[in-house]
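Here's the structure, in structure tokens; my notes come after.
The values are calculated or read from the model by the stated rules, or taken from the named source; none is laboratory data. Quick caveat: nothing in here was measured; it's all calculated off a predicted structure. In this analysis, Cβ positions are derived from the backbone assuming ideal geometry, glycine residues included, and neighbour counts consider all displayed protein chains. Calculation scope for accessible area: heavy atoms of the full protein, side chains included, ligands and nucleic acids excluded. Shrake-Rupley method; radii C 1.70, N 1.55, O 1.52, S 1.80 Å.
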Amino acid sequence: MRKKIIAGNWKMNLTLDEGQKLTSEIVNMYKDEKISDVTVVLNPPFPHIFPVKKLIGDTPGVFVGAQNCSDKDSGAYTGEVSANIIASFGAEYVIIGHSERREYFKEDNELLSVKVKKALENGLIPIFCCGESLEIREAGTHEPNVKFQLTDSLFDLSAEDIQKVVIAYEPIWAIGTGKTATADQAQEMHFALRRHLGAKYGKDVAAEISILYGGSMKPDNAVELLSKPDVDGGLIGGASLKSRDFIDIVKSY
Ligand code: PEP
């Protein structure tokens, strides 16, 4: 059965001390409150990966990931970090194609396709983000638009590799805006994406792929969103910076 995953995206926030405090609180709550059936992934800025990994230790069910990786293997690419380097510091996941990277760093489907492959080649699990703008939602073309993001970046993967990918549906109009998609809107898109994956790879393969929802998920709306059959977890921005809120989302399952 596919995994239930709650992933935190710290974005460009928190100093070393703040990140260590947040990680310790999350790990302690996860253990003390006896959570075991939900996988937790913390995605801090790059320099935090090693200390976060050390604090997680061998806690089962809690992992660390990066927020991005290079499309290159190594070499003269100042400021870039390869999937190989990320993996060598103990990370297990990497977010790829977040809408902020697509918008501010002009990352397109073709580049993201390469990044997904680099992640997989280095044993990292890509959390592949997709989602539509408000304009596209209002035009009613959101479903083909998001399906195409999957087709263009992921559909040259083998059936074996696609099952290793986690998908995060994040409507851009809901990220950091306080405006959440309704649980029905999320379910509708997740169902459409799973059917799209099924048409290419078969129903059994599609059934194994975790599809997370992201966009202003908070403790007070998580229960409803996570109760939907095709919503397999969440990618959490703002609320992942507060240990109690983040763990309360984890416990909403
Ligand atoms: C995100 O950045 O992936 C995100 C979902 O942010 P927020 O939860 O703050 O909307």
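Here are the numbers:
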{"read-out": "Only Lys, Arg (+1) and Asp, Glu (-1) charged, at Cβ; the chain dipole about Cα centre in debye", "value": "360 debye"}
{"read-out": "Charge sum, other residues only, whose C-beta stays under 14 Å from L16's C-beta, Lys/Arg counted +1 and Asp/Glu -1", "value": "+1"}
{"read-out": "The range 1-67: equivalent-ellipsoid semi-axes (sqrt of 5 x gyration tensor eigenvalues, Cα, Å)", "value": "20, 14, 9"}
{"read-out": "Dimensionless Rg over Rh [the range 1-127; C-alpha; Kirkwood]", "value": "0.97"}
{"read-out": "Solvent-accessible area per residue, Å², over the range 117-218 with all protein chains present [probe radius 1.4 Å]", "value": "41 Å²"}
{"read-out": "Charge dipole (the chain, unit charges on Cβ, about Cα centre) - positive-most of F63, G79, M29", "value": "M29"}
{"read-out": "Among Y253, H98, L225 the positive-end extreme of the charge dipole of the chain (Cβ point charges)", "value": "Y253"}
{"read-out": "Anisotropy class of the chain from Cα gyration tensor, a/c 1.5 cut", "value": "rounded"}
{"read-out": "Mean ellipticity per residue at 222 nm, deg cm²/dmol - from DSSP H runs of n ≥ 4 across the chain, formula -39500 (n - 2.57)", "value": "-13000 deg cm²/dmol"}
{"read-out": "For Y93, residues with placed amide H under 5 Å, excluding near neighbours", "value": "V64, G65, A66, I125"}
{"read-out": "3J(HN,Hα) from dihedral phi, the range 200-207, Karplus parametrisation 6.51/-1.76/1.60, rounded to Hz, x for glycine, proline", "value": "8, 10, x, 4, 5, 5, 4, 5"}
{"read-out": "The chain, accessible surface, carbon-and-sulfur percent (1.4 angstrom probe)", "value": "53 percent"}
{"read-out": "Relative contact order, percent, the range 98-253 [alpha-carbon distance under 8 Å, six or more residues apart]", "value": "20 percent"}
{"read-out": "Kirkwood Rh and Cα Rg combined as Rg/Rh, the range 86-203", "value": "0.96"}
{"read-out": "Among F105, F89, F155, residue whose mean-square fluctuation peaks in a GNM of the chain (springs only between Cα atoms under 10 Å)", "value": "F105"}
